[in-house]
Amino acid sequence: MSGVLRQAVAVTGMSLAALPQRLGTAAVAVIGIGGVVAVLVAVLSISEGFRAALALSGQEDVAIVLRGGSSDELASGLPLAAVRYLADSPGIVQGPEGPLVSPELYVIVDLPMRSTGTKANVPLRGVGPQAFGIRRDFRIVEGRPFTRGLNEVIVGRGAASQFAGLEVGEPVMFGRTPWLVTGIFEDGGSVSESEIWTDATVLQGAYNRGSSFQSVRLRLPGPGEVGALERHIAADPRFNLTVRTEREFLESQSRVLVTIVRTLGVLIALLMGIGAVFAALNTMYSAVASRTREIATLRALGFGATPVVASVLFEALLLGLLGGAVGGALAYVGFNGAQASTLNFQSFSQVAFAFTVTPSLLLTGLGYAMILGLVGGLLPALRAARMPVTAGLREL
Amino acid sequence: MWRFAPLVFSNLRRRPARTGFTLGSIVIAFLMFGLLGALGHAFSAGAEIAGVDRLLTIHKVSLVQPLPESYGARIRRVDGVVAVSSATWFGGVYQDERNQIPVFPVDPAVYLDIYPELIVPADARERFLADRRGALVGRPLAQEFGWKVGDVVPMRSNIWRKEDGSATWELVVSGIFDVPQTGGDARNILMHHAYFSESLARGKGLVGWYVVRLKDPEDAARVARAIDEQFANSPFETETSTEKAFTQGFVNQVGNIGAILTGVLSAVFFTMLLVTANTMAQSVRERTAELGVLKTLGFTGRGVTALVLAESVVLTAAGGLVGLVLAWFVVGAAEPALRGYLPVWTIPPQAYAQAAGLMLLLGLLAGAVPALHALRLPVVEALRRA
């Protein structure tokens with residue numbers, strides 16, 4: 001066995017030493033596989049970024065309460081009585097100014113996108129005074145918070161970067177009403193950063209909502225501890241409410257889009273992969289062809305077939321790996337962190353996100369590249385092994 | 001000219017494996033070109049098939065904000081308007097939360113007049129207009145849930161509530177409608193606005209938006225302005241645009257699909273160009289001596305160059321044609337599954353012309369370097385390589 005291994009190492013060393021002579025062909029295989037990996041990683045980084053902005057930003061110890069049967073905030077509606085009843089529930093963390101409960105309103109306003117100038121659905125959220133205590137990562141990065149009771153708004157960092165006309169200190173028109181932009185906020189990269197926030201009671205007045213709300217956010221004593229809250233809700237038949245953790249809610253909101261992008265990305269990568277395998281096959285066949293005499297000589301000297309197969313496969317694998325590294329690096333440099341926004345059909349509003357090239361995506365790309373290399377090397381390797389020694393020696 | 005064709009083909013047959021693999025990657029590239037072309041077309045076509053003689057009037061703040069029912073009659077009176085129907089987003093759910101169904105309460109007779117391209121059998125139309133609980137169901141939905149004419153479908157709304165606290169409207173299937181071959185959205189249900197609003201707990205007297213049919217499409221800008229001016233400074237200001245502009249705006253909201261698809265295709269074709277160029281370079285390098293012989297026999301430098309380029313173009317054209325035919329088959333095979341979700345699903349005609357141009361361009365580019373090599377090759381030098 002060790003003999004075979006030693007032979008394999010020797011033959012592989014020889015074939016790699018000859019690689020510079022076939023630089024052109026080898027480069028084609030590397031770039032071909034690199035292109036596939038770059039596209040795969042870039043497309044999947046869209047769904048990763050979208051997931052990071054939505055699903056992964058949801059907190060486990062924050063709950064969101066909607067009307068029973070509503071799958072999103074836009075379709076939900078809660079009367080004031082239900083909100084008051086909720087605020088009295090056990091199983092909610094108490095802050096210095098009472099329970100950490102924020103009754104919220106969720107409406108949509110049209111604002112022009114910076115990229116195209118056409119209008120897009122931007123969420124305008126009215127929040128209660130406790131909203132900032134519930135969201136731990138919230139902080140104002142520019143300007144000041146809005147004043148309660150006034151037509152003032154603060155803008156999420158993502159929204160400020162994607163939509164035009166949201167400058168601190170400048171008014172923005174929603175319909176006939178001017179609102180003053182007083183600040184820009186961050187919230188740990190969450191979907192809130194795609195939103196515009198104002199005082200819920202001001203928004204109720206501006207949108208003829210009376211005293212009703214659409215959702216309630218509240219802080220739970222621990223991750224996923226909704227039991228006490230659910231019992232409290234079930235106790236009063238007047239209210240038909242559903243409770244979910246924020247994480248669970250936002251995950252359900254992102255499911256459709258993430259699935260679509262992933263499916264498309266994988267299909268494109270599979271098709272392109274077939275094309276790249278052809279390129280790899282070409283490279284490896286010509287590598288074997290150019291070594292015909294050398295291989296035949298080795299076989300005549302007593303080298304086995306296995307080391308020859310191993311050397312071809314190893315070279316193919318190496319080219320694949322190289323391609324994967326090039327493609328991954330290309331996708332990372334070209335796309336990681338790029339800002340974009342899209343319409344999430346499930347919430348009917350824009351979500352700003354950043355292309356996110358995660359380490360696991362890069363590993364996926366490398367793995368795929370090695371598979372492509374191996375598949376491309378397999379047939380040429382077998383041909384090299386099966387080559388009759390006498391015919392090989394007679395070749396040019 | 002054509003007598004050299006056998007020479008070109010025999011050169012391609014010299015290394016069948018290499019030619020085959022190169023062809024394979026060209027086929028894949030053009031297959032992707034066709035498929036991604038169909039996908040891009042599906043996104044942009046919504047705007048192209050939108051009626052030129054239709055306007056949409058929505059609340060100025062957002063489509064989600066409602067408008068008063070009374071606006072319908074006032075829009076109708078604007079000069080240049082032929083018909084007006086309201087429409088509302090019902091937010092339909094059938095049986096399970098996952099079965100989200102687009103249901104639109106509309107003004108039945110007027111709505112069908114505004115959308116004459118919808119294919120509705122005469123008896124279905126009659127039943128729909130006569131029964132206030134009647135509903136016209138797009139064919140993909142009818143097939144998905146096995147609904148037949150006369151079926152009673154309990155449709156729950158995830159937005160609206162009735163006075164009695166329930167959220168379910170019973171719809172009677174009056175008929176199944178289709179959209180024309182050129183495309184359109186068939187995955188929805190039309191119901192009577194009157195039936196929808198009569199039992200509403202909240203939101204009575206409000207509608208989602210208006211669709212307006214124009215007498216003259218050329219007049220769109222003026223009529224749109226006239227409608228919006230009428231409601232300026234009211235609590236419900238409007239924004240009117242052509243259906244085309246509205247649809248385009250909506251597509252833009254999804255993101256720059258075109259740029260993403262172009263990016264992917266550029267990567268594909270760049271790779272393919274390299275593969276083909278490499279094949280050509282290899283094959284010409286191997287034949288250096290033969291090229292020398294050809295030149296000795298009296299072939300001009302230009303003639304040899306043309307031979308090399310022809311070989312390269314034949315390769316890309318053959319691969320391109322096979323790829324496009326494959327794409328055409330795949331698009332056809334996927335049509336039943338996608339019909340309901342995309343307004344159109346075909347390879348746009350202009351894509352074929354673009355593909356033909358790409359085949360020629362890629363063939364010439366891939367053959368350029370070896371062809372130049374062949375052109376400049378000194379005969380003596382070439383013969384010495386033998």
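The values are calculated or read from the model by the stated rules, or taken from the named source; none is laboratory data. These numbers were taken from a predicted model, which means no experiment stands behind them. Backbone-built Cβ (ideal geometry, glycine too); neighbour counts: all protein chains shown.
Find the residue count for the stretch A:9-35, including only residues that are under 15 Å from B:VAL264 (Cβ atoms) and facing chain B (nearest Cβ under 8 Å).
Within the stretch A:9-35, the first condition is being under 15 Å from B:VAL264 (Cβ atoms), and the residues that meet it are A:32, A:34-35.
Next cut, facing chain B (nearest Cβ under 8 Å) only: A:32, A:35.
Residues in the stretch A:9-35 being under 15 Å from B:VAL264 (Cβ atoms) and facing chain B (nearest Cβ under 8 Å): 2 in total.
Within the stretch A:314-332, residues that are among the small types (Gly, Ala, Ser) sit with their Cβ atoms under 6 Å from residues that are not in a helix (DSSP H, G or I), at 6+ positions apart or across chains, in these pairs: A:ALA331/A:VAL357.
Working carefully through the options B:VAL284, B:VAL304, find the one that is over 26 Å from A:ALA287 (Cα atoms) and either in a helix (DSSP H, G or I) or not small (Gly, Ala, Ser) (or both). Matching residue, one of B:VAL284, B:VAL304: B:VAL304. Of all the listed residues (B:GLU311, B:GLU335), the sole one being in a helix (DSSP H, G or I) and crowded, with 17+ Cβ neighbours inside 10 Å is B:GLU311.
Please verify whether the stretch B:229-236 includes one or more residues that are in contact (Cβ under 8 Å) with a residue 60 or more places away in the chain, more than 20 Å from A:PHE163 (Cβ to Cβ) and surrounded by 20 or more Cβ atoms within 10 Å (Cβ to Cβ). Lay out the reasoning, then the answer.
Of the stretch B:229-236, the ones in contact (Cβ under 8 Å) with a residue 60 or more places away in the chain are B:230-231, B:236.
Pick out the ones that are also more than 20 Å from A:PHE163 (Cβ to Cβ) and you get B:230-231, B:236.
Pick out the ones that are also surrounded by 20 or more Cβ atoms within 10 Å (Cβ to Cβ) and you get B:231.
Scanning the stretch B:229-236, I find at least one residue that is in contact (Cβ under 8 Å) with a residue 60 or more places away in the chain, more than 20 Å from A:PHE163 (Cβ to Cβ) and surrounded by 20 or more Cβ atoms within 10 Å (Cβ to Cβ), so the answer is yes.
When every residue of the stretch B:101-121 is checked against the conditions, at least one turns out to be out of contact with any strand residue (DSSP E or B) (no Cβ under 9 Å at 6 or more places or on another chain) and part of a loop (DSSP other than H, G, I, E, B). Per the conditions (1) more than 15 Å from A:GLY91 (Cβ to Cβ); (2) at pLDDT 90 or above; (3) outside any helix (DSSP H, G or I), the sole criterion not satisfied by A:ARG238 is (2).
Name the residue, out of A:ALA29, A:ALA81, A:ALA52, that is in a helix (DSSP H, G or I), surrounded by fewer than 18 Cβ atoms within 10 Å (Cβ to Cβ) and in contact (Cβ under 8 Å) with a residue 12 or more places away in the chain. Explain how you work it out, then say what you get.
Values: A:ALA29 fails: surrounded by fewer than 18 Cβ atoms within 10 Å (Cβ to Cβ); A:ALA52 fails: surrounded by fewer than 18 Cβ atoms within 10 Å (Cβ to Cβ).
So the residue among A:ALA29, A:ALA81, A:ALA52 that is in a helix (DSSP H, G or I), surrounded by fewer than 18 Cβ atoms within 10 Å (Cβ to Cβ) and in contact (Cβ under 8 Å) with a residue 12 or more places away in the chain is A:ALA81.
Among the criteria (1) of a type outside the set (D, E, K, R); (2) in contact (Cβ under 8 Å) with a residue 40 or more places away in the chain; (3) surrounded by fewer than 20 Cβ atoms within 10 Å (Cβ to Cβ); (4) within 14 Å of another protein chain (Cβ to nearest Cβ), the one A:GLY227 does not fulfil is (4). Summed over the stretch A:177-212, residues that are within 14 Å of another protein chain (Cβ to nearest Cβ), assigned to a strand (DSSP E or B) and in contact with a Ser or Thr (Cβ under 9 Å, 6 or more places away or on another chain) total 1. With respect to being modelled with pLDDT under 85 and either touching a Ser or Thr at 6+ places or on another chain (Cβ under 6 Å) or within 11 Å of another protein chain (Cβ to nearest Cβ) (or both), B:LEU206 falls outside the description. Would you please name the residue that is modelled with the lowest pLDDT, looking only at residues in the stretch A:202-216 that are closer than 16 Å to A:THR147 by Cβ and buried (at least 17 other Cβ atoms within 10 Å of the Cβ)? Here the residue is A:ALA206.
Filtering the stretch B:14-40 to residues that are in contact with a Ser or Thr (Cβ under 7 Å, 6 or more places away or on another chain) and either surrounded by 24 or more Cβ atoms within 10 Å (Cβ to Cβ) or under 18 Å from B:PRO349 (Cβ atoms) (or both) leaves B:THR22, B:ILE26, B:ALA38. Considering the stretch B:1-84, the qualifying helices (runs of 4 or more DSSP H), each wholly inside and each with 3 or more residues that are at pLDDT below 90 and more than 14 Å from chain A (Cβ to nearest Cβ), run over B:5-12, B:16-49.
Cβ-Cβ distances below 6 Å connect the following pairs, each with a first residue in the stretch B:198-215 that is in contact (Cβ under 8 Å) with a residue 12 or more places away in the chain, a second residue that is of a type in the set (Phe, Trp, Tyr) and part of a loop (DSSP other than H, G, I, E, B), and a separation of six or more residues or different chains: B:GLY208/B:TRP89. Is it the case that B:GLN248 is out of contact with any helix residue (DSSP H, G or I) (no Cβ under 9 Å at 6 or more places or on another chain) and crowded, with 16+ Cβ neighbours inside 10 Å? In short, no. Within the stretch B:230-249, the set of residues being closer than 20 Å to B:ALA38 by Cβ and within 10 Å of another protein chain (Cβ to nearest Cβ) comprises B:GLN248 only. Given the criteria under 21 Å from B:ALA201 (Cα atoms) and out of contact with any helix residue (DSSP H, G or I) (no Cβ under 9 Å at 6 or more places or on another chain), does B:GLU170 qualify? The answer is yes for B:GLU170. The set of residues in the stretch A:90-125 being touching a strand residue (DSSP E or B) at 6+ places or on another chain (Cβ under 6 Å), more than 14 Å from chain B (Cβ to nearest Cβ) and either of a type outside the set (S, T, N, Q) or not in a strand (DSSP E or B) (or both) consists of A:ILE92, A:VAL93, A:LEU100, A:VAL101, A:PRO103, A:GLU104.
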